[in-house]
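Only one structure is covered here, and it is reproduced in the block below.
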Number of protein chains: 2
Amino acid sequence: MPKAKIDDVARLAGVSIKTVSRVINDEPNVREGTRAKVRNAIAELNYRPNLSARNLASHHSHLIALIYDDPSAYEVPSAGYIIRLQEGALRACGILGYELLIHPCRYRDATVADEVKALIEHARPDGIVLAAPLSNMPKIVRALEATGTPLVMMSPGKQNGSHLSIATNDREISAKMTCYLASLGHDKIAFIKGDPDHKAVGNRYLGYLDGLDQSGLKFSEHLVAEGDNSIGSGETCAEKLLHEEDRPTAIFAANDDMAAGVIRVADRLGIRIPQELSVAGCDDIALARQVFPALTTIGQPLSAMAERATSALIDHTRAGKPLSGAEIVSGAIHVRDSTGPAPA
Amino acid sequence: MPKAKIDDVARLAGVSIKTVSRVINDEPNVREGTRAKVRNAIAELNYRPNLSARNLASHHSHLIALIYDDPSAYEVPSAGYIIRLQEGALRACGILGYELLIHPCRYRDATVADEVKALIEHARPDGIVLAAPLSNMPKIVRALEATGTPLVMMSPGKQNGSHLSIATNDREISAKMTCYLASLGHDKIAFIKGDPDHKAVGNRYLGYLDGLDQSGLKFSEHLVAEGDNSIGSGETCAEKLLHEEDRPTAIFAANDDMAAGVIRVADRLGIRIPQELSVAGCDDIALARQVFPALTTIGQPLSAMAERATSALIDHTRAGKPLSGAEIVSGAIHVRDSTGPAPA
DNA sequence: GTGAAAGCGCTAACAC
DNA sequence: GTGTTAGCGCTTTCAC
């Protein structure tokens, strides 16, 4: 428990507290020698600035809030998604001397807007990172905007005004995955759509269409099924698709959970993967490496996105860097064992 | 952004700021009528106390730190474990008006003790919740103790002094699982041990031995394999166990990941579960419900444990409640599809 | 480049 | 029951 205060450091270094303050905050206008003296005094006393005092005087909380969909509210195990967001946000906070506040939020609750607003007014973070799919919910975005706190949204941005949005190129990379499957000789490539609430997931369907187009394949309604992002819905869709008379040789699902459902059904039906059926997913969650065969999927740089979002926010409050526009970071295809050449 | 301060509320309510402070903090010695007047003024002005000012004056940070093993450091997907800890800790914090600071920590790094110490001295939380397996690492525990911050450990407690430990009855419940398998007619029950770093996992082996004893089964060295908590090690162990001449009819693994590895191997070897082999795990992670067949396992009330740990810490700082001893919360067996009667 | 004074918005200790 | 007076430990003016 460090009990030294700024006065103690000032006295030991033989300077004023203001100079100590300058050194702590890396401000200019301190001679190098003076700076060194202060640094020594700080080390000798094991001095740590008191954050509350600093925050009170500076009108900053040095807190960033990360708001995401509450995983405990549903069966869907999005834990990996959240951990990776946290990881990136923590990295940015750590480097820049900020603290991270986490807030899972149940968007289906009627009172969610008030709760989120209350949280922000209570803790007064200097910035908010809002993760998908919450970033697509107008009532939540509006509640957050109403607090006047700088906001970065991790989702395909509508560019509406004063906040930055950071997203992946879901559509392009999904097109690429479709082309990859086509390049393996598949000409009946099915797609399993995901929860319409999740905009990024919707874009993957558009990418699938683009990919068909780019590969010179024609679209067929029979090759599209509609899931809800869960493993169970992936199974239902797979059963429908694989019982068609002219069944697909490849299935591309809008997320990994549904792709895992496809694998499970193929297993039950005795359809070998990848010899008779190729399966591809999206997200690269831990499950993608745990299923057998390991799933070919699209990896999103979630942690890097969250880090970027967080540091943009911090740069904004510290240096007044503008916070608007839309940034795109690229996903990557991870080829594993669930995809292979089309059967002859 | 609420800009009203305590003076504004006091003026509007026609009382002194001290009275407002009393109302905010639910202190006694305020007449009900006065209290109501203040409440109205607070609502009218949408007043929120400034946490930094409050913290500075009260010498409390109103922060609880949750420290756990960094999941990004390894392949092991312990995300669900962490999310559930966070969930419980957040619940306690939310109710009691505290904020939660999360800190993943790489215990294999040489500098980990310094890092943890620096974090605590920087943020000055009012209490620390230390999750397993970190709570079994003397160098981390010592570094944390050195800061003088109240500490609760989520692991089998050594009762060493001034901090509380909260743990599950791993040994008893593992014995129960073993007895359950025996009650299904299995008499060759194998066990896969886990990472020795994780003490709770070690206790499960002792529970296995107790269970054999209680069921009147004799122990055999050939029925024990040593894993490291990963899926891969589960596979290796399963291969060894299932190739024995007199192979077991049930395998109990010290965690779910290893049990999932067993299922995968059985699948490859064409051994049907549960008809020819029963498999049981421990932890009830999301994967347990995702594998096929769904895994019989032991569920730990992680979220409840973290909530208890957090509120114990808050009660300690607020009301000076003592913080020592060891509390035990009970796990529960979830019977799913991977266990059944022993083959005739 | 450096320093002195004046708060930031609240709680603590005591008076009334 | 309620109010008054001092700080909490820092940053912010602005003067030098």
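None of the figures in this text is laboratory data; all of them are computed from the coordinates on show. All figures in this text were calculated on a predicted structure; none of them were measured in a lab. Here the Cβ is made from the backbone with ideal geometry for all residues, glycine too, and neighbour counts use every protein chain on show.
Odds and ends about this structure:
- Rounded tilt (10° steps) of A:302-319 against the dominant C-alpha axis of chain A: 30
- R0 of 51 Å, Cβ-Cβ distance B:Asp7-A:Ile328: FRET efficiency to nearest 0.05: 0.60
- By definition, a body whose alpha carbon gyration tensor gives a ≥ b ≥ c is oblate when a/c is 1.5 or more and a/b is not larger than b/c, and the protein assembly as shown fits this oblate description.
- All other residues whose Cβ lies under 13 angstrom from that of B:Thr296 are scored, Lys and Arg at +1 and Asp and Glu at -1, for a net of -1.
- Plainly put, the tip 7 Å out from Cα toward Cβ on A:Ala123 is 1.0 nm from that tip on each other copy, the closest given first.
- Simple spin-label estimate for A:Ala344 and A:Ser162 in nanometres, 7 Å along Cα-Cβ: 6.7
- With label points set 7 Å from Cα along Cα→Cβ, the inter-copy distances at B:Glu221 are 6.9 nm, sorted shortest first.
- With the charge dipole of region B:1-160 set up from +1 on Lys and Arg Cβ and -1 on Asp and Glu Cβ about the Cα centre, the Cα lying farthest toward the positive end among the listed residues B:Ala131, B:Tyr81, B:Asn55 is that of B:Asn55.
- Cα-based shape type of region B:169-281, given that a ≥ b ≥ c are square roots of the gyration tensor eigenvalues and the cut on a/c is 1.5: oblate
- Mean separation of Cα contacts under 8 Å, 6 or more apart, over the residue count of region B:80-157: relative contact order %: 26
- Taking the label point 7 Å along Cα→Cβ, B:Ala326 and its counterparts in the other copies are spaced 5.7 nm apart, in ascending order.
- The angle between the Cα long axis of helix B:112-123 and the longest principal axis of the Cα atoms of chain B comes to about 30 degrees, rounded to the nearest 10.
- The trypsin sites (Lys or Arg not before Pro) of region A:121-180 that meet both conditions, a loop assignment by DSSP and at most 16 other Cβ atoms within 10 Å of the site Cβ, are A:Lys158.
- Percent RCO, i.e. relative contact order, over chain A, from Cα pairs under 8 Å lying at least 6 residues apart: 17
- Of all chain B residues, the one whose Cβ lies closest to the rotation axis that maps B onto A, given with that distance rounded to whole Å, is B:Ala79, 2.
- Spatial separation of Cα centroids for region B:267-317 and region A:71-150, in angstrom: 28
- Cβ crowding within 10 Å, taken as a proxy for footprinting-reagent exposure, orders B:Cys93, A:Cys237 from fewest neighbours to most as B:Cys93, A:Cys237.
- Helix A:256-269 and the longest principal axis of the C-alpha atoms of chain A enclose an angle of approximately 30°.
- Note on chain B: with a GNM built from Cα contacts shorter than 10 Å, the maximum mean-square fluctuation among B:Gly94, B:Gly216, B:Gly14 falls on B:Gly14.
- Exposure proxy ranking, count of Cβ atoms within 10 Å, fewest first, for A:Ile189, A:Ile173: A:Ile173, A:Ile189
- Stretch gain in nm, segment A:Lys218-A:Asn25, where the contour uses 0.36 nm per residue and the Cα spacing is subtracted: 63.3 nm
- Within chain B, helix-based [θ] at 222 nm, where runs of 4 or more DSSP H residues each add -39,500 (n - 2.57), nearest 500: -14000 deg cm²/dmol
- Qualifying GluC sites (Glu not before Pro) in region A:32-117, where qualification requires a DSSP coil assignment and no more than 14 other C-beta atoms within 10 Å, comprise A:Glu75.
- Applying a threshold of 32 Å to the alpha-carbon distances of A:Lys117/B:Lys199; A:Lys3/B:Lys199; A:Lys5/B:Lys18; A:Lys193/B:Lys176 flags A:Lys117/B:Lys199; A:Lys3/B:Lys199; A:Lys193/B:Lys176 as lying beyond it.
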